[in-house]
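Enquirer: First the structure, which I've put down as structure tokens, then a few questions once you've had a look.
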Amino acid sequence: MVLMQVLITFTNLVAFGVVVHLILTNAPSSELEKYIEFMLTVDLPVTFELLGIPNVTDEELRAVAKLACSPRETIWSMDIGDSITEDNVFHAIKGADSASREYIRRMDWSKVRL
């Protein structure tokens, strides 16, 4: 049971991370929305609320961004040049939540709680 919870948590983080990656790489809106829709269709989280962290603080998100930018993290395998900074990653995390909330509202995903 614990392994399943860890896998579900990991899967959820990866799903949200895909949206963060798309924001960080300035993906076209159409591509971003395609991924958000897919994630919602298969019940994967794309907002802080859906991740179970509705009250996450900027301080906590900055700590996550700092960890993500640590040496030897996988973020350094991304070919996006100077875009990998703690500040850019922080804003991409916030942007992923914001873009997903906006998509859910605009497309009236009423079964999804924001």
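Enquirer: Say the dipole of the chain comes from +1 at the beta carbon of Lys and Arg and -1 at that of Asp and Glu; which of S30, V18, I104 then lies farthest toward its positive end?
Expert: I104
Enquirer: To continue, here is another question. Would you look at the GNM of the chain, springs on alpha carbons closer than 10 Å, and say which of P71, P45, P54 moves the most?
Expert: In this elastic network of the chain, the residue with the biggest mean-square fluctuation among P71, P45, P54 is P71.
Enquirer: If you don't mind, another one. Charges at C-beta only: +1 for Lys and Arg, -1 for Asp and Glu. How large is the resulting dipole of the chain about its Cα centre, in Debye rounded to 20?
Expert: For this selection, approximately 280 debye.
Enquirer: Taking trypsin sites (Lys or Arg not before Pro) as exposed when DSSP calls them loop (any state but H, G, I, E, B) and at most 12 other Cβ atoms lie within 10 Å, what is the longest stretch of the chain free of them, the sites themselves excluded?
Expert: Excluding the exposed sites themselves, the longest stretch runs over 1-71.
Enquirer: Taking a quarter of the surface of the Cα convex hull of the chain, what do you get in nm²?
Expert: So the Cα hull casts an average projection of 7.7 nm².
Enquirer: At T41 and S83, where each label point lies 7 Å from the Cα along Cα→Cβ, what is the point-to-point distance in nanometres?
Expert: Here the modelled spin labels are 2.4 nm apart.
Where a number appears in this text, it was derived from the coordinates with a stated rule and is not lab data. Since the model is a prediction, treat every value here as computed from it, not as a measurement. For neighbour counting, all protein chains shown are included, and Cβ atoms are generated from backbone atoms with ideal geometry for every residue, glycine included.
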